[in-house]
1. Report the one residue of Trp76, Ser97, Ile39 whose Cα lies farthest in the direction of the positive end of the charge dipole of the chain (charges on C-beta: Lys and Arg +1, Asp and Glu -1; origin at the Cα centre).
2. Determine, for Glu38, Glu26, the number of other Cβ atoms within 10 Å of each Cβ, and report the residues in order from fewest to most.
3. So what is the 222 nm mean residue ellipticity for the chain from helices alone, if each DSSP H run of at least 4 adds -39500 (n - 2.57) and you divide by all residues, rounding to the nearest 500 deg cm²/dmol?
4. By how many nm would the segment from Glu38 to Asp15 lengthen if fully extended, with 0.36 nm per residue of separation less the alpha-carbon distance?
5. So, in nm, how far is label Thr46 from label Lys102 when the simple model puts each one 7 Å beyond its Cα toward the Cβ?
6. Near the amide H of His87, under 5 Å away, which other amide H atoms are found, from residues 5 or more places off or on another chain, if H is placed in the peptide plane?
7. For the residue pair Lys71 and Lys58, what label-to-label distance in nm results when each label sits 7 Å from Cα along the Cα-to-beta-carbon direction?
8. Exposure proxy check: Lys19, Lys102 ranked by fewest other beta carbons within 10 Å?
Amino acid sequence: MSEQDDRESKAMTEDMKEKALQVTAEDFVNYLNSFGGEIRCSYCGTGDYGVAPDPAGKGTAMVATPVPNFKGVGIWLYPATCQSCGHTIFFSASFVSRQIFKD
Ligand SMILES: [Zn+2]
């Protein structure tokens, strides 16, 4: 486990998990757009990244990855997918939700 993974697992308290689940697709799009400019896909160089809602339609889509050798520990990620080629990038749900709810 790297230091970053360790910080990630410790950072995801029950409160942060709840906040990560409350982030809507619109919140995530606004977060991505807060970096300004026209950000294009890093693979095809032409497409815009799109964000999908979760299957229940309440929050933004999220995936979780297990951390090898640590049962019950994982990293939650928000995906953004290129609308031209399908290349998908991931953002840390704990980091992004902390930025969105920091006020
Ligand atoms: Zn692309």
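Just so you know, all these numbers are worked out from the coordinates, no wet-lab data involved. Just so you know, these numbers come straight off a predicted model, no measurement behind them. Backbone-built Cβ (ideal geometry, glycine too); neighbour counts: all protein chains shown.
1. The one lying farthest along the dipole's positive direction is Trp76.
2. On the way: Glu38 5, Glu26 11.
So the ranking, lowest neighbour count to highest, is Glu38, Glu26.
3. On the way: 4 runs with 35 residues, N = 103.
That comes out to -9500 deg cm²/dmol.
4. Numbers: separation 23, 0.36 × 23 = 8.28 nm, distance 3.34 nm.
Length gained between Glu38 and Asp15: 4.9 nm.
5. Rounded to a tenth, the inter-label distance reads 3.6 nm.
6. Sorted by chain and number, the residues that satisfy this are Cys82.
7. 2.9 nm
8. On the way: Lys19 18, Lys102 6.
Going from least to most buried by this count: Lys102, Lys19.
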